[in-house]
Amino acid sequence: MNKIKMTALMISLLLVMSIFAGCADNGPQTGESGKTILKVGTDPTYPPFEYTNDANEIVGFDIDLAKALAEKMDMEVEFVPTSFDGIFNGMNAGSYDVIIAAISMTPSRMETMLFSKPYLSNGQVILTRKDAEKISTQEELKGMKVGVQLGTTADTAAEKYADEYGFEVTKFDEIIQTFSAMKAGHVDAIAVDYAVAIEYVQREPESYQISDVMLTNEPIAVAIKKENTELHEKIDAALLEIREDGTLKKISEEWLGGDYTSDIDEELDVVE
């Protein structure tokens, strides 16, 4: 009798599992507007690209970009907040369709995912306190503590050059923590995306300065799951539209105070 009950229970469980499996839909989903949803993975701790404002809204350069692309593709955008150190795994697992989160193009990343045409000039720059002596060469980093965000290309580049130029790398989960650490004197410099450095200097010119040291050249683009070639083509077409109609330039001027979307140097100079 117990065996019969156990068998019946197992059959019931299998039926329930099959029902849920049948309900799972890994294909395109439709939003309240009736349009197909574009799920965007982003890390809302990285101003001016994506961050949460005082009204608890995710805003920034990449957020406006994603909305503009979705509009051109006649899609409804949905943002999926994700920590940067797990953002690529999330896309591969199907949690979202694309990543729009200041993603630098690198050869190794291009082997595992698709990239749109780059939409923003970028490289890893060294930023220091305003009251510090401005540095102009990598050799001047000797003896310094350099803060980076964990898992970023700044992290990779700093690790690469640390032994060669004799500086120490200190890693943080969020980019804002690196700036807080430098203000508190825990780090002497920060390696960070050029656009982020610009934003912080514009916001607090009395606190920060951008050095002449550029560690890399790595333009920023939309990352797309490797096999999703159809979406890749649509995003490139939409990106071309917002470039030609001036929307992309306008977004750059609003968030970065200038146009960093034209004349992008697409020749990668990346540390991996």
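Read the figures in this text as sums done on the coordinates, not as results from a lab. Remember, predicted model here, so these are calculated numbers, not experimental data. Here Cβ is always computed from backbone atoms with ideal geometry, including for glycine, and neighbour counts include all displayed protein chains.
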As I understand it, the dipole of the chain uses +1 on the Cβ of Lys and Arg and -1 on the Cβ of Asp and Glu, about the Cα centre. Which of PHE88, ILE175, VAL213 lies farthest toward its positive end? PHE88
Packing-based order for 258-268, 99-109, using average beta carbon neighbours within 10 Å, highest first: 99-109, 258-268
Relative contact order for the stretch 124-214: what percent, with Cα pairs under 8 Å and sequence separation of 6 or more? 48 percent
For the chain, what is the charge dipole size about the Cα centre, in debye to the nearest 20, if Lys and Arg each add +1 at the Cβ and Asp and Glu each add -1 at the Cβ? 1200 debye
Could you work out the helix-only [θ] at 222 nm for the chain, with each DSSP H run of four or more residues adding -39,500 (n - 2.57) and the total divided by the number of residues, to the nearest 500 deg cm²/dmol? -11500 deg cm²/dmol
If the chain between GLU266 and GLU253 were fully stretched, how many nm would it gain, using 0.36 nm times the residue separation less the Cα-Cα distance? 2.6 nm
Lys, Arg +1 and Asp, Glu -1 on Cβ, resulting dipole of the stretch 124-214 about Cα centre, debye, nearest 20: 160 debye
Between ASN89 and ASP131, the two model label points (7 Å from Cα along the beta-carbon direction) sit apart by a distance in nm of 4.2 nm
From fewest to most C-beta neighbours within 10 Å, the residues MET75, MET110 line up as MET110, MET75
About the Cα centre of the stretch 42-95, what is the dipole size in debye to 20, counting +1 per Lys and Arg Cβ and -1 per Asp and Glu Cβ, all else neutral? 120 debye
Segment LYS226-GLU139, extension gain: residue separation times 0.36 nm, minus the distance between their alpha carbons: 27.4 nm
Take LEU150, LEU231, LEU127, LEU69 and order them by how many other Cβ atoms sit within 10 Å, fewest up front. LEU150, LEU231, LEU127, LEU69
